[in-house]
1. Being within 19 Å of T97 (Cα to Cα), open to solvent by less than 80 Å² (accessible area, probe 1.4 Å) and assigned to a strand (DSSP E or B) is true for just one of V188, V142, V195, V216. Which residue is that?
2. Exactly one condition in (1) modelled with pLDDT under 95; (2) among the small types (G, A, S); (3) open to solvent by less than 60 Å² (accessible area, probe 1.4 Å) is not met by G106; state its number.
3. Any residue at all in the stretch 161-172 that is more than 19 Å from L83 (Cα to Cα), without any contact (Cβ under 8 Å) to a residue 40 or more places away in the chain, surrounded by 14 or more Cβ atoms within 10 Å (Cβ to Cβ) and touching a Lys or Arg at 6+ places or on another chain (Cβ under 8 Å)?
4. Which of the following residues is surrounded by 15 or more Cβ atoms within 10 Å (Cβ to Cβ) and either within 26 Å of L193 (Cα to Cα) or free of Cβ contacts under 8 Å to residues at least 60 places away in the same chain (or both): I158, I123?
5. In the stretch 87-103, which residue that is β-branched (V, I, T) and touching a residue at least 40 places away in the same chain (Cβ under 8 Å) is nearest to A69 (Cα to Cα)?
Amino acid sequence: MKRTAKLLSLAAIFGLSFSPAANAEGFDLGADVVSRYVWRGSESGDAVAVQPWLSYTFPGIGVEVGSWASFGFDNDDFNEVDLYATVPFGNFSFTVTDYYNPNYSGVDDDFFEYGDEDDTHTIELSAGYEYGNLSLLGAVNVLGDDDNSLYFEAGYNIYDKDDYAASVFVGGGDGRYTTGNAGGDFNVVAVGLNVSKDIFNASYIINPDQETSFLVLGVTLQP
């Protein structure tokens, strides 16, 4: 879940609707600290995580390239370091993401290995659409060991007052997103509410497929 993918699914930290935000031209950097890393309705690690990002938006054309990562405070927790490129086109945006999950063992992290059976890289193609308060996302994994999983999400901004902003979202997928990532038929995997104010945000998420829920708090640190 990269920064843009995270925004596509505020999402991606919390699995919210991904609707790419218009970044200023040039470099952008920062980090989020979250109580749990929940991505598209599933928990990735069971500890507090720090999630830095670094990106560059090309002047005049709006194309953004960058990296987004997540590192759990528990040394045995989930690690993720992504690369992405996003191309805007009116209300649409098109993104290719390389999700990479190193174990930092010191050997054989397979960063340069790509293929259908590779379990460290997953390549995703996604398209986002935004109109007014509505945002939509469609994504498909095209390379990696996950059987071309699909994910779709819709989000709607419902509140913007007194420095608070709130949105609701619903997302569904198949394959890696269902049945505890064991792979299953298409199902709703994320229904929830996101509320933000200043540098703080919180999300309440229900995953009907896993019959569970999450409440995630995040703080954004940015120069």
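1. Just one listed residue meets the conditions, V142.
2. (3)
3. Checking the stretch 161-172: at least one residue is more than 19 Å from L83 (Cα to Cα), without any contact (Cβ under 8 Å) to a residue 40 or more places away in the chain, surrounded by 14 or more Cβ atoms within 10 Å (Cβ to Cβ) and touching a Lys or Arg at 6+ places or on another chain (Cβ under 8 Å).
4. I123
5. T97
Rundown of residues vs (1) within 16 Å of V96 (Cβ to Cβ); (2) modelled with pLDDT under 90; (3) open to solvent by less than 20 Å² (accessible area, probe 1.4 Å), yes/no style:
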residue: L10; (1), (2), (3): no, yes, no
residue: D28; (1), (2), (3): no, no, no
residue: A49; (1), (2), (3): no, no, yes
residue: V65; (1), (2), (3): yes, no, no
residue: W68; (1), (2), (3): yes, no, yes
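Okay, residues lined up against (1) closer than 19 Å to V219 by Cβ; (2) open to solvent by less than 50 Å² (accessible area, probe 1.4 Å); (3) at pLDDT 50 or above:
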{"position": "I13", "(1), (2), (3)": "yes, yes, no"}
{"position": "L16", "(1), (2), (3)": "yes, yes, no"}
{"position": "S19", "(1), (2), (3)": "no, yes, no"}
{"position": "A31", "(1), (2), (3)": "yes, yes, yes"}
{"position": "R36", "(1), (2), (3)": "yes, no, yes"}
{"position": "S42", "(1), (2), (3)": "no, yes, yes"}
{"position": "S55", "(1), (2), (3)": "no, yes, yes"}
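The values are calculated or read from the model by the stated rules, or taken from the named source; none is laboratory data. What you are looking at is a predicted structure, and each value in this text was computed from that prediction instead of being measured. Neighbour counts run over all protein chains shown; Cβ positions are idealised from the backbone, glycine included. Side chains are part of the model used for accessible areas, which takes the heavy atoms of the whole protein and leaves out ligands, DNA and RNA. Shrake-Rupley method; radii C 1.70, N 1.55, O 1.52, S 1.80 Å.
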